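A.B. asks: To start, I am sharing the structure in question, which I have written as structure tokens.
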Amino acid sequence: MDVRGRRIASAPASPRSVAECVSGVLTRNGAVLVEKRRADDEADPGLTFLPGGHVEPGESLDQALKREMREELGIRVEKTTLLLVRLYTASNGERQRIHYFHIIAWKGRIRSREAETVYWESEFQNLSDAVERRIVRTLLGQSSRRFTIGSVRSVRRFGSSSVFGFSFFC
């Protein structure tokens, strides 16, 4: 079942609601693009995550992913595949259902438009979230041992401008 075109009815209305979110996984030469959140962000300040954001009411997952990547990174998403959907609770208590997409093809020059910085990270243990570390390791087909022994951190910075559970999609 292709869920990318599914429209989301509305944003969460109560503390018990779940916000629909999307996240893009961009990879290059064994590294993944990550963003370090600003220290003044309402949720998860200063932490390092895969880039993404909220789905707006009436927006499909595909539309939300393309909009978020344009707004946050300045790129145009061309080809994606759904990797995983999971539930997450942000540090501010917001419950989120995050739809992770591997962004296979994109156009444009990557630059940080919202986060403190975005950069290519090859030391995946530096991602703040264990599930996101597993997503990247699985996607790149690398074992966790490779990340802790003999890894060389390749960082290119692009300037400033509690898990409930998860399901894998094949």
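A.B. asks: Only one of these is modelled with pLDDT of 95 or more, of a type outside the set (S, T, Y) and in contact with a Pro (Cβ under 9 Å, 6 or more places away or on another chain): R95, R76, R86, R67. Name it.
C.D. replies: R95
A.B. asks: Return yes when V131 is surrounded by 15 or more Cβ atoms within 10 Å (Cβ to Cβ), on the phi < 0 side of the Ramachandran plot and out of contact with any helix residue (DSSP H, G or I) (no Cβ under 8 Å at 6 or more places or on another chain) and no when it is not.
C.D. replies: Yes.
A.B. asks: Picking from A31, A115, which residue would you name as being crowded, with 20+ Cβ neighbours inside 10 Å and within 15 Å of L139 (Cα to Cα)?
C.D. replies: None of the other options fit; the residue is A31.
A.B. asks: Which members of the range 109-144 meet the condition of being part of a loop (DSSP other than H, G, I, E, B), in contact with a Phe, Trp or Tyr (Cβ under 7 Å, 6 or more places away or on another chain), closer than 25 Å to V85 by Cβ and among the polar types (S, T, N, Q)?
C.D. replies: Selection gives S128 alone.
A.B. asks: So, one more: Please verify whether the range 78-100 includes one or more residues that are over 20 Å from E132 (Cα atoms) and surrounded by fewer than 20 Cβ atoms within 10 Å (Cβ to Cβ).
C.D. replies: Yes, because at least one residue in the range 78-100 is over 20 Å from E132 (Cα atoms) and surrounded by fewer than 20 Cβ atoms within 10 Å (Cβ to Cβ).
A.B. asks: Given the residues S91, S122, which is the only one that is among the small types (G, A, S), touching an Asp or Glu at 6+ places or on another chain (Cβ under 6 Å) and farther than 18 Å from E71 by Cβ?
C.D. replies: The unique qualifying residue is S91.
The values are calculated or read from the model by the stated rules, or taken from the named source; none is laboratory data. All values reported here derive from a predicted model rather than from experimental measurement. Neighbour counts run over all protein chains shown; Cβ positions are idealised from the backbone, glycine included.
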